[in-house]
Amino acid sequence: MTQTSTNAPFTFEVTANPNPVSDADREAILANPAFGKFMTDHMVTATWTRGEGWHSGELTAYGNISISPAAAVLHYAQEIFEGLKAYRHPDGSIWTFRPEANAERLNNSAVRMALPELPVETFVESIRALVTADQGWVPGTDAGEKSLYLRPFMYASDAFLGLRPSSEVKYSVIASPAAPIFTGGLKPVTLWLCENFARAGSGGTGAAKCGGNYASALAGQIEGAEHGCDQAVFLDSSTHTYIDELGGMNVFFVTKDGRLVTPELTGTILPGITRMSILELAKEFDLQPEERRVAVQEWKDGVASGDILEVFACGTAAIITPIGELRWEGGSAPSTAGEGGGEVTRGLRQRLLDVQHGRAEDTHGWMTRLV
Ligand SMILES: *Cc1c(COP(=O)(O)O)cnc(C)c1O
């Protein structure tokens with residue numbers, strides 16, 4: 001798609017929220033933000049129309065949006081999103097982690113879902129505009145692991161019931177202060193091995209961050225919850241034998257012989273930026289990174305034989321979370337995670353957090369300053 005490549009970089013016209021949340025209420029929220037529950041005072045919006053490209057970039061008060069009941073997104077799920085975070089560093093400055101990678105992934109998702117690409121600079125500028133306006137919502141450095149979660153998204157707003165690529169598309173960014181998604185610190189999560197539902201299929205949309213993927217993963221999540229599990233892990237849809245990923249997180253295995261193994265990107269797995277970063281960190285932990293297919297039998301056997309020392313999940317929202325027990329219909333594999341996750345899980349997690357929060361040197365050039 002070339003329709004956006006001629007767009008000059010544009011700025012977002014600011015109209016400040018006349019009724020922002022009071023300082024006292026905001027501080028109370030930041031003290032206990034949970035995840036995804038409270039939104040900041042502002043949001044970014046922009047419109048794309050066929051012929052005109054991207055225009056009408058605005059930063060306005062956070063509030064409800066109005067769309068036609070015939071809008072394509074409501075019928076055909078033409079929607080994609082991203083997730084990244086803003087972190088306050090000890091000197092008060094505010095940074096984000098690898099935003100160009102999110103911008104590129106948004107564009108890959110856009111191509112798959114017949115939505116227009118957004119120039120990388122415009123994506124980063126939209127993040128910067130929102131975080132600048134809502135900088136008071138980025139938790140302070142005394143907050144440990146807290147951050148401001150940023151949710152860019154794009155959807156087809158064309159009021160037309162015929163099935164065709166939308167001729168009008170909206171882009172928006174909202175923000176929500178966040179504590180790590182799983183509360184209770186580093187408590188290992190129990191996983192349900194979902195054998196009845198697949199998250200993604202060959203040639204499908206598994207590698208795109210599109211809304212429908214998450215709706216379809218909920219059935220597995222519910223099944224897991226009925227078996228006392230926190231999350232579900234999905235298998236490849238062709239053979240039902242290889243591990244793909246969780247509903248919203250990638251999976252890693254640490255082996256006894258020093259390998260850091262994650263399922264290879266076959267087109268059904270979402271290419272996580274945390275996943276990519278962990279692969280790049282492996283060497284610093286004297287681990288050999290390995291992307292390959294991992295059979296669920298290898299997981300079961302590896303836990304039993306001691307060849308697999310640790311299993312963990314990763315993603316922007318949860319950072320790195322130890323995986324404990326694996327359950328399936330009629331059986332289970334015990335946890336190797338101990339009380340708070342294995343040594344590698346905790347080490348990688350701390351390293352990522354320290355770079356993101358400005359407590360360790362950013363030797364990979366991952367951080368971008370926003371404010
Ligand atoms: C977003 C997401 C991830 C994690 O990606 P990050 O870039 O690390 O946040 C993993 N799996 C799925 C299905 C996702 O939607």
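Quick notes
- Of all the numbered requirements in (1) within 14 Å of the ligand (Cβ to nearest atom); (2) touching a Ser or Thr at 6+ places or on another chain (Cβ under 8 Å); (3) of a type outside the set (D, E, K, R), Ala156 misses one, and that requirement is (1).
- Hey, Lys209 away from the ligand (no atom under 16 Å from the Cβ) and either under 30 Å from Pro334 (Cα atoms) or in contact with a Leu (Cβ under 7 Å, 6 or more places away or on another chain) (or both) or not: no
- Restricting region 258-289 to residues that are free of Cβ contacts under 8 Å to residues at least 60 places away in the same chain, more than 11 Å from the ligand (Cβ to nearest atom) and of a type in the set (Gly, Ala, Ser), the residue that is farthest from Leu84 (Cα to Cα): Gly258
- In this entry, Phe123 passes the filter for residues that are surrounded by 17 or more Cβ atoms within 10 Å (Cβ to Cβ), out of contact with any Lys or Arg (no Cβ under 9 Å at 6 or more places or on another chain) and closer than 26 Å to Ile320 by Cβ.
- Test set (1) more than 23 Å from Glu82 (Cβ to Cβ); (2) surrounded by fewer than 21 Cβ atoms within 10 Å (Cβ to Cβ); (3) touching a Gly at 6+ places or on another chain (Cβ under 7 Å) - Ile308 fails condition number: (2)
- Output for region 317-352, where each listed residue is outside any strand (DSSP E or B) and within 16 Å of the ligand (Cβ to nearest atom): Ala317, Ala318, Thr345, Leu348, Arg349, Arg351, Leu352
- 3 or more residues closer than 21 Å to Gln297 by Cβ: qualifying strands (runs of 3 or more DSSP E) within region 134-242: 189-194, 231-235
- Residue satisfying all of: in region 17-45; of a type outside the set (Ser, Thr, Tyr) and in contact with a Leu (Cβ under 8 Å, 6 or more places away or on another chain); nearest to Ala156 (Cα to Cα) among these: Val44
- Total residues in region 224-257, condition away from the ligand (no atom under 13 Å from the Cβ), small (Gly, Ala, Ser) and within 25 Å of Ser109 (Cα to Cα): 2
- Which numbered condition His42 misses (of (1) under 18 Å from the mean Cα position of the chain (by Cα); (2) over 30 Å from Gly204 (Cβ atoms); (3) at pLDDT 95 or above; (4) not hydroxyl-bearing (Ser, Thr, Tyr)): (1)
- The single condition among (1) surrounded by fewer than 17 Cβ atoms within 10 Å (Cβ to Cβ); (2) more than 15 Å from the ligand (Cβ to nearest atom) that Pro188 does not meet is (1).
- Conditions (1) within 14 Å of the ligand (Cβ to nearest atom); (2) modelled with pLDDT of 95 or more; number of the one not met by Ile181: (2)
- Condition check for Glu310: touching a helix residue (DSSP H, G or I) at 6+ places or on another chain (Cβ under 8 Å), assigned to a strand (DSSP E or B) and at pLDDT 95 or above: yes
- Of the criteria (1) assigned to a strand (DSSP E or B); (2) hydroxyl-bearing (Ser, Thr, Tyr); (3) in contact with a Phe, Trp or Tyr (Cβ under 7 Å, 6 or more places away or on another chain), which one Thr40 fails: (1)
- Single condition Ala28 does not satisfy, out of (1) touching a residue at least 12 places away in the same chain (Cβ under 8 Å); (2) of a type outside the set (Val, Ile, Thr); (3) more than 16 Å from the ligand (Cβ to nearest atom); (4) closer than 15 Å to Val138 by Cα: (1)
The values are calculated or read from the model by the stated rules, or taken from the named source; none is laboratory data. Treat the numbers as computed from the prediction; the structure is a model and nothing was measured. A quick note on method: Cβ atoms are made from the backbone with ideal geometry, for glycine too, and the neighbour counts reach across all protein chains shown.
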